[in-house]
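**Student:** Shown below is the structure under consideration.
None of the figures in this text is laboratory data; all of them are computed from the coordinates on show. The shown structure was predicted, so the numbers you read here are calculated from the model rather than taken from an experiment.
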Amino acid sequence: MRTLLLLTSGLLLASGAAHAVDEAAAIELAKNNGCLSCHSAKEKIVGPAYSTVADKYRDDKDAVANLVQSIQYGSKGKWGRIPMPPHPGMNAADIKTLAQWVMTAKH
């Protein structure tokens, strides 16, 4: 069983604004959309660990927007040869919640 850290609301995200991230809702979204098949909080599976993604983009003011694009449309070459598939069926609010949650991950 994966141990998940509980985060407090109101964390300062890389977007530069304070946002409350509902971690339980984000975890359910990740489970229901297959994210946890390829990613975990702290270890690389197929794709990078969420903490690695957060570290890479921590100082990028557009990190959340860029992650939203990667989640919705997929990506190639950012983390190696295996592409991330798109998730066109997810709604914009859910994608943004996931992106904000990923940016709260810590090692």
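**Student:** Which value in Å is the Kirkwood Rh of the stretch 45-107 over different Cα pairs? Walk me through the numbers before you get to the answer.
**Tutor:** Values: mean 1/r = 0.0843 Å⁻¹.
Here the Kirkwood hydrodynamic radius works out to 11.9 Å.
**Student:** Right, here's the next one. Which ³J(HN,Hα) values in Hz, rounded to whole numbers, follow from the phi angles of the stretch 38-50 under the Karplus curve 6.51 cos²θ - 1.76 cosθ + 1.60, where θ = phi - 60° and Gly and Pro get x?
**Tutor:** 10, 10, 9, 5, 10, 10, 5, 10, 8, x, x, 5, 4
**Student:** Would you please give the residues with an amide H less than 5 Å from that of Ser75, counting only those at least 5 places away or on a separate chain, with H modeled from the backbone geometry?
**Tutor:** Answer set, sorted by chain and number: Met84.
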